[in-house]
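Working notes for the structure below.
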Amino acid sequence: FQATFTVTHTETLPGNTSNNSTTGTIARDSDGSTYRDVKLPAIGPWAASGNSPEIIYIRNVTKMMQYFVNVTKKMYEAFAIRQHDRPLSDSKRPDLGPKRAGSANETVSDTQSTYTDPATNTVYKVDDHKVTRTIPAGQIGNQFDIVTTTERLYSPDLDVVMQVTRTDPRFGNTTYQLSNIGQPAASLFLPDPSFQQVQGHGKFGRGDRDGARKQPPPPPQD
């Protein structure tokens with residue numbers, strides 16, 4: 001599959017509201033190769049230049065290589081995958097809200113539901129896992145109870161989390177959502193051939209002291 005992901009964070013302040021969002025693309029091939037393209041918000045010096053940073057991470061299982069691509073600078077680094085480098089699937093990533101047993105102050109519900117792709121209107125069957133947690137008044141200095149919720153919609157057919165919604169009055173609301181779900185092209189799991197390969201871990205995007213040099217193709221491994 002290939003899909004666009006959007007992470008939206010909203011904080012409501014006295015007389016004010018703050019909204020921030022991050023977008024990108026994720027994909028997984030039939031051999032288990034993965035692709036993640038993240039477009040970061042244009043803030044700070046990037047806002048002044050008008051160029052928001054865009055980074056791609058590719059893990060090519062067939063070639064046993066992983067690539068870190070700086071789209072903004074049109075450069076990339078390549079590293080061999082070690083056998084024990086097994087990334088968590090999207091369904092198990094802790095930042096996407098894994099399932100866990102509820103504590104005394106939690107209620108957990110598991111139901112079957114559906115998720116509609118906002119871009120294509122395609123409907124997917126999903127497992128709906130919702131956790132509601134109550135922090136009793138006085139536990140962390142709070143005057144009243146604080147109620148937080150996390151809802152996670154997971155598609156068993158695609159083996160991917162479609163949406164995660166977190167609501168916490170202390171930190172605001174955050175939503176992770178997939179859209180425009182389709183099939184990836186094989187070329188997605190290799191760096192753009194027009195980009196320059198640089199060598200040296202930690203020099204990504206800057207080049208080494210001798211200047212960034214084009215490197216020969218890495219041996220078949222990711």
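A short reminder: the numbers here are calculations on the coordinates, not readings from a lab. All of these numbers come straight from a predicted model, not from anything done at the bench. In this analysis, Cβ positions are derived from the backbone assuming ideal geometry, glycine residues included, and neighbour counts consider all displayed protein chains.
Structure values in brief
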read-out	value
Residue 188 versus residue 79: modelled label distance in nm, points set 7 Å from Cα along the beta carbon direction	2.3
25 °C / 0.890 mPa s Stokes-Einstein diffusion coefficient of the range 101-142, Kirkwood radius on C-alpha pairs, µm²/s	190
Rough spin-label spacing in nm, given labels placed 7 Å along Cα→Cβ, for residue 149 and residue 125	2.5
Linear extension gain, residue 114 paired with residue 134, 0.36 nm per residue minus alpha-carbon span	4.5 nm
Linear extension gain, residue 62 paired with residue 180, 0.36 nm per residue minus alpha-carbon span	39.9 nm
